[in-house]
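Some notes on the structure that comes next.
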Amino acid sequence: MTGAAGAKVAVDLRGRTVTPSLGYEFTHDTIGRAETTFATFSREVSRHALEVGLGLVLGRATYGSLGLRGVLELGDSSNPYRHVPVFHESIADLIQPGLSVDEVNYFRLPMRPLEQLPDGRGRLSVAAALAQRFGPSTLRLGERLYFDSWGVMATTSTGSFTYGVTKWLGLGPELGFHGQQGASFYRMVYPARESDEGFAMPRYRTSDRELGPLYTLSVGALARLGFGEPTRWGASLSGDVAYSKFLRHLFLVDRIAYLGALNLEVAFE
């Protein structure tokens, strides 16, 4: 069960050449299990997000933007369905990435503890974008840096060039790169230490590949059709292929994804 509320305000200054903005969003989730009442099992997670932005008209054909976003998550966001394989410490170093489910089940210990993440998470991201017109063509560049209290650090770079074939039609390529360092507690293999009292489980554990080290390369194409002045309608169609490499994951080594999007936009003066 999820509830959310937020607001954002922006002000045009210096003849619309400087546009600062401020936004806030609050989200509250109640995490439960299917066919289980909240009275039996539930966890509360709330998120406070604050975003500060600045848009700058840097010239007749140049526009830039800066953004800072901070998110504070309170509560235990562990997945109630995600079980994490653990291995005897004597063989943990022998386990390799990309094993099949049957191979993992053969080597792992019989217990399957649930995922356990740290309570709370602080996130911070800084983003910058630049758009430059060259006659009927446009170059767009973007960069986003991300850090959080779990030790994840990431960079996301994007670029596109739309060539104006005609006054109404633009075509061009899109490129993207995302790379990240995994969370400080992320392990491909979690060893369990045996003692007279049984096996000691790692305090924090997850098999979520999105919390591990990875990189993604994407390439695609964009077509944009403009029409209908003075309202300036526009339609764009994009298609991308993304290759992701998971550097330390038990089951998955890489993935290829195909993405498509169709957008319709209109601008009023």
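The values are calculated or read from the model by the stated rules, or taken from the named source; none is laboratory data. Quick caveat, the model's predicted, so the values are computed rather than measured. Cβ: placed from backbone, ideal geometry, glycine included. Neighbour counts: every protein chain shown.
Within the stretch 106-118, the set of residues being in a helix (DSSP H, G or I) and in contact (Cβ under 8 Å) with a residue 12 or more places away in the chain comprises PHE107 only. Within the stretch 48-82, the set of residues being within 24 Å of GLU210 (Cα to Cα), modelled with pLDDT under 95 and loosely packed, with under 14 Cβ neighbours inside 10 Å comprises TYR81 only. The residues listed here are VAL18, VAL45; of these, the one that is surrounded by 12 or more Cβ atoms within 10 Å (Cβ to Cβ) and under 24 Å from ARG140 (Cα atoms) is VAL18.
Of all residues in the stretch 134-165, exactly one satisfies the criterion of being modelled with pLDDT under 95 and more than 19 Å from THR62 (Cα to Cα), namely VAL165. Looking only at the stretch 137-151, decide whether some residue is touching a Leu at 6+ places or on another chain (Cβ under 6 Å) and over 30 Å from ALA235 (Cβ atoms). Yes; the residues of the stretch 137-151 include at least one that is touching a Leu at 6+ places or on another chain (Cβ under 6 Å) and over 30 Å from ALA235 (Cβ atoms). When the stretch 114-157 is filtered for residues that are touching a His at 6+ places or on another chain (Cβ under 8 Å) and either surrounded by 15 or more Cβ atoms within 10 Å (Cβ to Cβ) or farther than 30 Å from ASP208 by Cα (or both), the ones remaining, listed by number, are GLU115, ALA154, THR156. Residues that are of a type outside the set (Phe, Trp, Tyr), loosely packed, with under 12 Cβ neighbours inside 10 Å and modelled with pLDDT under 95 number at least 3 in the following strands (runs of 3 or more DSSP E) confined to the stretch 166-269: 254-266. Taking every residue in the stretch 138-154 that is under 30 Å from LYS167 (Cβ atoms) and pairing it with any residue that is modelled with pLDDT under 95 and charged (D, E, K, R), at least 6 positions away or on another chain, the pairs with Cβ-Cβ distances below 9 Å are LEU139/ARG133.
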